[in-house]
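Undergrad: Here's a structure for you.
Just so you know, all these numbers are worked out from the coordinates, no wet-lab data involved. All values derive from a computational prediction rather than experimental measurement. With ideal geometry, Cβ positions are generated from the backbone for all residues, glycine too; neighbour counts draw on all protein chains shown.
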Amino acid sequence: MMVNAYPTLVRRLLLARGADPEDALELSTISHPLGKQGMLGMKEAVDWIAYASSQRWPVTIVGDYDVDGACATAILRKGLEGLLPVTSIVPNRLTEGYGLSESVAARISPETRLVITVDNGISAHDGIAAVKARGMAVIVTDHHLAGPRRPPADVIVNPNQPGCPFPWKSTCGAGVAWYLLLALHLTHPEWVGREMLEETLDLVALATVADLVPLERNNRVLVANGLRRIRSGRINPGLSGLVAFAGLELEQMREQDFAFKLGPRLNAAGRLADMQTGIRLLLSRDAENIESWSRFLETINAQRKEIQAHIEREAIQITESLQDTGDPVICVGDDGWHNGVVGIVASKLKERYQRPAFVFASAGDMGQTAQGSGRSMDGWHLRDALVLVDGRTPGLLNRFGGHAMAAGLSLPKVRFEEFRRNINAVSLEQVPGGRFQKNVWCDGPLQAAEMTLDMAKAIEQAGPWGQGFPEPLFENDFMVVTSKTIKNGHWKLQLHLDEIMGGAAHGGLAACKAAAGKAASSPSLPVDAVHFLNGREVAQEPPPVGFRVRAQYRLQVNRWQGREGLQLMLEQVLPAPAPVVMPVPHESRSTRPIAAGPSLTNGI
């Protein structure tokens, strides 16, 4: 589809998100890493690498154990191999925690002369000092928010460091690493060719979506170009192994597949095993190794699901059993929980209870440390809140870092209750009454003529959609034509728009059954819909035939065994007491504030 051929509805959706419907998102239009609007420190980083290359310095890349860190490591290794001797290490999540710590510094080969961090380093003061004490130079490439002190690195490249003029602050760690290669290409094209840059765009796209950074225009360009390469079959060989096990077709790949299919499989290595396996997979061109490592990650991911489900059930039981203390922020933990999945469980609790959540597990020697992960709600900056807690109670937090919506931290386990009190006190100060609310952006109702397979395809092609650039969400009243439960209690429905039901809209069960019986010949057929339960439904059972519902949904292309069909992905289903009201243009529709629920503290 040509960009200027978008339907009127799709053009309106793009404009509502501040995007130009005529924008083709070409790679040639991305911001440059050098110059007045380039990244602070980028020229110096290129100069250091040029000098290291002339001296044949051994280089060690220090990565991270998540998708962003693994992709960033693989991107930089692919770009620097052949230029100078390069290797990489990744912290052990269970024993070393996040980033370039002193223990990680001690593991760097003594032959190394230059250390480059990716997706970490901006808060690694002690680790960088330890590296410098060993006579090594350090380049930090990161995207996390900088603290009040600058780490003692030789060069820092981070769009979020003070004074950096680069306009796209949401560039992920892999994006920053890719921009370093682009700067090398622009300065020394004989070292890093254009094809090398384009070969790694699929990893940038995967990392950008999986790390949940906002899809500002520059990120949309990177993701769109990564998807184009994948759909044309020019995919990273290792990534193709994950695609095969996920049962995906390259030509139909979507940005959601990064988040829900490929990201979790790659992440499983860092959660339960060693992310070096994931990095080796992304660097490999050997078919046998790719198949073996992909199968290993598939197995590990299945184990991760089992562990996560068990911990999630226990966390919910704790939530439901504890007496109400008025805490607006969830803080739970248990010695037996695996800290490789606490972030996922925190996300699940946040969504279920519509409140910020911290989940902890034991870590460190003798299990005396509580290592946790937090997830926040709209309007409450999690890392800033931790900065305030740290400033008020020095020594309470061993380490912390993160973003507005997610953060990681560790603290002495004996001070868990002290942390719970402090983080809740901060939340009560910053959020009136501690009443958090989730703002749901809704694009209003669709007309019957707009609810088509072609429209679903047009919306899909207008992407990428994601964090900060939400996939369109619509709201209509429907009559339930058929209703059943499927695996794990999820709902499978057929729905008719009220406006096209005619007399059936008021005819109850008999009229709906008649409509269902005439579906094959009716010019306005019922549409298939699915709803995956999330714990916040009004009822656990699907609505009965003849019931009138108001649903928020996304138009989706359902592809199965070579066939395509329209499907509604239901996000929320409620009884429909009144007609849909058109929203005010460009304004958000939000849920009511969620009152503070029961205390979620327990002795870790």
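Undergrad: Mind sorting out which of [x] 19, 51, 27, 3, 0; [y] 21, 55, 22, 2; [z] 20, 47, 29, 4, 0 is the real P(r) over Cα pairs in 20 Å bins from 0, in percent computed from the coordinates?
TA: [x]
Undergrad: Related question: Quick one: order PHE547, PHE478 by neighbouring beta-carbon count within 10 Å, fewest to most. Intermediate values should be presented prior to the final figure.
TA: Values: PHE547 18, PHE478 27.
Exposure proxy ranking, most exposed first: PHE547, PHE478.
Undergrad: For segment 114-125, take each phi angle, set θ = phi - 60°, evaluate the Karplus expression 6.51 cos²θ - 1.76 cosθ + 1.60, and give the result in whole Hz per residue in order, putting x for glycine and proline.
TA: Values, residue by residue: 9, 10, 10, 8, 10, 6, 6, x, 5, 10, 8, 4 Hz.
Undergrad: Here's a follow-up. Tilt of helix 342-353 relative to the longest C-alpha principal axis of the chain, in degrees (0 to 90, nearest 10)?
TA: Approximately 30 degrees, to the nearest 10.
Undergrad: Which trypsin sites (Lys or Arg not before Pro) does segment 249-303 hold that lie in a coil by DSSP with at most 13 other beta carbons within 10 Å? Mind showing how you got there, number by number?
TA: Working: sites: ARG254, LYS261, ARG265, ARG271, ARG280, ARG285, ARG295; in loops: ARG254, ARG285.
Listed in order of number, the matching sites are ARG285.
Undergrad: What lysines could a cross-link reach from LYS36, if we take a straight Cα to Cα line under 29 Å and drop same-chain neighbours fewer than 8 places away?
TA: Correct list for LYS36: LYS78, LYS169.
Undergrad: Treat the count of other C-beta atoms within 10 Å as a stand-in for reagent exposure and order SER123, SER292, SER28, SER101 from fewest to most.
TA: Going from least to most buried by this count: SER28, SER292, SER101, SER123.
Undergrad: Turning to a different aspect of this structure: Taking every DSSP beta bridge with both residues inside the chain, roughly what % is antiparallel (nearest 5)? Intermediate values should be presented prior to the final figure.
TA: On the way: 52 of 76 bridges.
Counting only bridges with both partners in the chain, antiparallel ones make up about 70 percent.
Undergrad: Which whole-Hz ³J(HN,Hα) couplings does segment 276-284 yield from phi under the Karplus relation 6.51 cos²θ - 1.76 cosθ + 1.60, θ = phi - 60°, glycine and proline marked x?
TA: Result, rounded to whole Hz: 4, 4, x, 5, 4, 4, 5, 9, 7.
Undergrad: Also, I was wondering about something else. About its Cα centre, what dipole magnitude does the chain give when the only charges are +1 on Lys and Arg Cβ and -1 on Asp and Glu Cβ, stated in debye to the nearest 20? It would help to have the intermediate numbers written out before the result.
TA: On the way: 61 positive and 64 negative charges, 74 e Å.
So the magnitude is around 360 debye.
Undergrad: For segment 449-476 and segment 50-97, what is the separation of their Cα centres, given in Å?
TA: Spelled out, the Cα-based centre of one part sits 38 Å from the other.
Undergrad: Where a ≥ b ≥ c are the square roots of the eigenvalues of the C-alpha gyration tensor, would you call segment 161-239 rounded, which needs a/c under 1.5, or, failing that, prolate if a/b is larger than b/c, or oblate? Show your work: numbers first, answer last.
TA: Values: a/c = 2.16, a/b = 1.12, b/c = 1.93.
Verdict is oblate for segment 161-239.
Undergrad: Enumerate the amide H contacts of ASP378 below 5 Å, restricted to partners 5 or more residues apart or on another chain; note that Pro and chain-start residues carry no placed amide H.
TA: ASN439
Undergrad: Then there's this: Please list 3J(HN,Hα) in residue order for segment 65-74, calculated via the Karplus relation 6.51 cos²θ - 1.76 cosθ + 1.60 where θ = phi - 60°; whole Hz, with x for glycine and proline.
TA: So the Karplus estimates, Gly and Pro as x, are 9, 10, 4, 4, x, 5, 5, 4, 4, 5 Hz.
Undergrad: Turning to a different aspect of this structure: Rounded to the nearest 10 degrees, what's the angle between the helix 201-210 long axis and the longest principal axis of the chain, both from Cα atoms, 0 to 90?
TA: That helix lies at roughly 60 degrees to the long axis.
Undergrad: Continuing with this model, one more query. Sort PHE469, PHE436 so the one with the fewest other Cβ atoms within 10 Å of its own Cβ comes first. Walk me through the numbers before you get to the answer.
TA: Working: PHE469 20, PHE436 23.
With the sparsest Cβ surroundings first, the list reads PHE469, PHE436.
Undergrad: Helix 382-392 versus the longest principal axis of the chain: what angle, 0 to 90°, nearest 10, using Cα atoms?
TA: Once rounded, one gets 50 degrees.
Undergrad: For the chain, what does -39500 (n - 2.57) per DSSP helix run (n ≥ 4), summed and divided by total residues, give at 222 nm, in deg cm²/dmol to the nearest 500? If you can, show how the numbers build up before the last one.
TA: Values: 19 runs with 227 residues, N = 604.
My calculation for the chain gives -11500 deg cm²/dmol from helical runs alone.
Undergrad: Towards the positive end of the charge dipole of the chain, with charges on Cβ (+1 Lys, Arg; -1 Asp, Glu), say which of ALA269, MET196, VAL155 has the farthest Cα.
TA: Most positive-ward Cα: ALA269.
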